[in-house]
């Protein structure tokens, strides 16, 4: 049980790198994704091809188990009412947060993930939360993750471990981590198959992948690629 | 803002007592309920009449603001797969928990509630979690609530207070609290209008209210009533 993990897997660069990290480290890995009428739902369509590509690459320690999809329907859109789920221009709010912030979204995702891990007997919950390229999301902070581990473990009477391999690295180091874990084939999979762009652009191809190239998510991904490539 | 509260209001005895407690104490109170294909969805139908009754009783400090309903759809049923949402007989599981336990249900409810409180500018989140008549639900424990307050506040960058007025009292004291807060009219409202029975029975009338009288929830409610009445 200690070597079985559930990866929060959205289909983006970060969670794909986390999935590879888990495949290299544990005996058995399952994935979970969330549909919440997100602005860039195209990300969800990337998930199955990415899982297939990682299995094609092979050589992992872990077997890749089932994928779990949780459909949150309109719930987040209703309570959040933010740019992430609506047709609003991305900007900073008065509270200094990007208006893509759905309050507590990662807390919800982690709670649902823990409920699945509880039922599936998985001990480690892996997420791509990162404080380094901190975009103003308090639910990505290391403090938050540690408090959440405590709350989940007390609330479910289990001993889950929340593992966040990207917490203290930046996007350049995330590319380097992927290269180290799965070499050129994994980097190629991430470039070709993962989605990051807030605008859902899948037709403009850059050396770092597809996207509009100008939204905050594309800029972060592209800048990390350039720093990594040197 | 310090005097504005959001009450987790299911339509049962405990959350109705919590709602009265909040109405007596704060300046402004809103309510939130969760639809999750629960076994006893009849509880949800009790909510509007109870709110109306409390307003009829009057004399509260607070104004009663809007009611928020969060429809979780099949989500909990899908991840929980337990007696609470299915057609399974209520019993104890091997883990020593009643099989009505949806792992982390209260953590989910609190996270959704906090997201609503965030948007509505409400500071206090009131819930009927109780450790005294502890039915084996770890997500009702005081430790869990305190860890959750920390996780929510770090994750949303706010200073919510989770207030749990029933945490250390038993069902007899909950009846006494209702009597103290709203007298005979509140007790009568709770008897007549709140729902507790796991089986959804609304036709068998006892002095303590409606219900089958034999499920664990009815037994707890009836025993508390008898101890309070002496």
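Worth a mention:
- Taken over region B:51-74, the criterion of being assigned to a strand (DSSP E or B) and within 14 Å of another protein chain (Cβ to nearest Cβ) is satisfied by B:66, B:67, B:68, B:69, B:70, B:71.
- For region B:7-31, filtering for residues that are more than 23 Å from residue B:209 (Cβ to Cβ) and either buried (at least 20 other Cβ atoms within 10 Å of the Cβ) or at pLDDT below 95 (or both) leaves 3.
- Candidates B:55, B:4 - the one that is surrounded by fewer than 21 Cβ atoms within 10 Å (Cβ to Cβ), over 27 Å from residue A:71 (Cα atoms) and without any contact (Cβ under 8 Å) to a residue 24 or more places away in the chain: B:55
- Residue A:89 passes every criterion in (1) away from chain B (no Cβ under 12 Å); (2) at pLDDT 95 or above apart from (2).
- Matching residues in region A:120-171 - criterion: being part of a helix (DSSP H, G or I), more than 18 Å from residue A:108 (Cβ to Cβ) and under 16 Å from the mean Cα position of the chain (by Cα): A:142, A:171
- Only residues that are out of contact with any helix residue (DSSP H, G or I) (no Cβ under 7 Å at 6 or more places or on another chain) and at negative phi were counted in region B:136-152, giving 5.
- When B:205, B:158, B:193 are screened for being touching a residue at least 40 places away in the same chain (Cβ under 8 Å) and farther than 30 Å from residue B:143 by Cα, only B:193 passes.
- Of all residues in region B:35-50, those that are surrounded by 15 or more Cβ atoms within 10 Å (Cβ to Cβ) and either free of Cβ contacts under 8 Å to residues at least 40 places away in the same chain or within 14 Å of chain A (Cβ to nearest Cβ) (or both) total 4.
- Being at positive phi and either crowded, with 20+ Cβ neighbours inside 10 Å or assigned to a loop (DSSP other than H, G, I, E, B) (or both) is a property that residue A:213 has.
- Filter result for residue B:80 (farther than 30 Å from residue B:172 by Cβ, buried (at least 18 other Cβ atoms within 10 Å of the Cβ) and modelled with pLDDT under 95): yes
- Meets criteria (at pLDDT below 95, facing another protein chain (nearest Cβ under 10 Å) and over 30 Å from residue B:222 (Cα atoms)) for residue B:137: no
The values are calculated or read from the model by the stated rules, or taken from the named source; none is laboratory data. Owing to the predicted nature of the structure, the values given are computational and were not obtained by experimental measurement. No Cβ is skipped: glycine too gets one built from the backbone with ideal geometry, and neighbour counts run over all protein chains shown.
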